[in-house]
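Report on the structure given below.
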Amino acid sequence: MKRKKINDVYMNEVKEKRIFKTFDKRLNSYITIKYIDEMCDTCSCFINGKKITILDKNYAILEYTPLDLNYNVRIFIDDNGKILEYYFDIIDKMMIIDDYIYYDDLYLDVIYHTKNANGCCGYISLSDEKELIKAFNNKDITKKQFDMAYKVALNLMNELRNKSNKFVKRGNKDYIKCMKGL
């Protein structure tokens, strides 16, 4: 299992960032915003055959770490405040250590690319299945964790198709609220 720290951005191209963290009782979730001040190179990926910048200077990552769900979601927001992508890490558990938020990543990811990113439609994909299987075969995770990862991912993809995921429904309002406070 991989332990991830929320304050990390996981992209070597980010040189300088500002981090804002709060807890929302109604969502039962930590909210972290990573505002990107400087990059050594842009982060791009191909979505539906088109190369899209998902992280650059003046972009942001809005991150929700719910206490009662087995996923963490990073939302990539461009310099105009438009949401490009929702990246859900399926997790075993989250924890607070020395005022830092960590979670144990179960490898499997669900990615929802928005119309803002690819220009035509929303697109949902499941990623890193091979990593999950390898972790199970290497006994890095248990059968219970393996099964739970798939169950959470399938439920999450169903929520995304039905437009019922509570974090997606929030749009960029938490990002706007934070940026107004600066």
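The values are calculated or read from the model by the stated rules, or taken from the named source; none is laboratory data. On a predicted model such as this, the values are computed, not experimentally measured, just so you know. Positions of Cβ are backbone-derived with ideal geometry, glycine not excepted, and every protein chain shown enters the neighbour counts. The accessibility values were calculated without ligands, DNA or RNA, using every heavy atom of the protein model including side chains. Shrake-Rupley method; radii C 1.70, N 1.55, O 1.52, S 1.80 Å.
With a 1.4 Å probe and all protein chains left in place, how much accessible area per residue does segment 30-121 have, in Å²?
So segment 30-121 comes to 38 Å² accessible per residue, rounded to a whole number.
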For this session: Give, rounded to the nearest 20 debye, the magnitude of the charge dipole that the chain has about its Cα centre when Lys and Arg contribute +1 at Cβ and Asp and Glu contribute -1 at Cβ.
Result: 600 debye
For this session: Quick one: pull the percent of accessible area on the chain belonging to carbon and sulfur, 1.4 Å probe, ligands and nucleic acids left out.
Result: 46 percent
Exercise. In a shell of Cβ-Cβ distance under 9 Å around ASN72, excluding ASN72 itself, what net charge do Lys and Arg (+1) and Asp and Glu (-1) give?
Worked result: -1
Exercise. For the modelled label position 7 Å from the Cα of ASN12 along Cα-to-Cβ, which residues of segment 56-85 have backbone nitrogen atoms closer than 19 Å?
Worked result: 56-57
Exercise. How are the Cα pair distances of segment 134-182 distributed, in percent, across 10 Å bins from 0?
Worked result: 22, 27, 24, 20, 6
Seminar exercise, completed: Candidates ASP99, ASP56, ASP128; GNM for the chain (alpha-carbon contacts under 10 Å) flags as most fluctuating ASP99
Exercise. GNM, the chain, Cα, under 10 Å: largest mean-square fluctuation among GLY81, GLY171, GLY49?
Worked result: GLY49
Exercise. Near ARG170, within a Cβ-to-Cβ distance under 12 Å, what is the net charge of the other residues, with Lys and Arg +1 and Asp and Glu -1?
Worked result: +3
Exercise. Looking at this model, which pairs from LYS17/LYS57; LYS51/LYS134; LYS2/LYS163; LYS25/LYS144 are more than 21 angstrom apart at the alpha-carbon?
Worked result: LYS51/LYS134; LYS2/LYS163; LYS25/LYS144
Problem set entry | Unit Cα scatterers, Debye sum, segment 1-129: log10 I(q)/I(0) for q = 0.09, 0.19, 0.21 Å⁻¹ | -0.25, -1.16, -1.36
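Could you tally the net charge around ILE6, taking each other residue with its Cβ under 13 Å from the Cβ of ILE6, Lys/Arg +1 and Asp/Glu -1?
That sum, taken over residues with Cβ under 13 Å, equals 0.
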For this session: For segment 28-38, take each phi angle, set θ = phi - 60°, evaluate the Karplus expression 6.51 cos²θ - 1.76 cosθ + 1.60, and give the result in whole Hz per residue in order, putting x for glycine and proline.
Result: 6, 8, 6, 10, 10, 10, 10, 8, 8, 8, 8
For this session: Express as a percent, rounded to the nearest 5, the fraction of DSSP beta bridges in segment 88-136 (both residues included) that run antiparallel.
Result: 100 percent
For this session: Specify the residue with the greatest mean-square fluctuation among ALA60, ALA153, ALA135, computed from a Gaussian network of the chain linking alpha-carbon atoms under 10 Å apart.
Result: ALA135
Problem set entry | Length released on extending from LYS82 to LYS177, taking residue separation times 0.36 nm less the Cα-Cα span | 32.8 nm
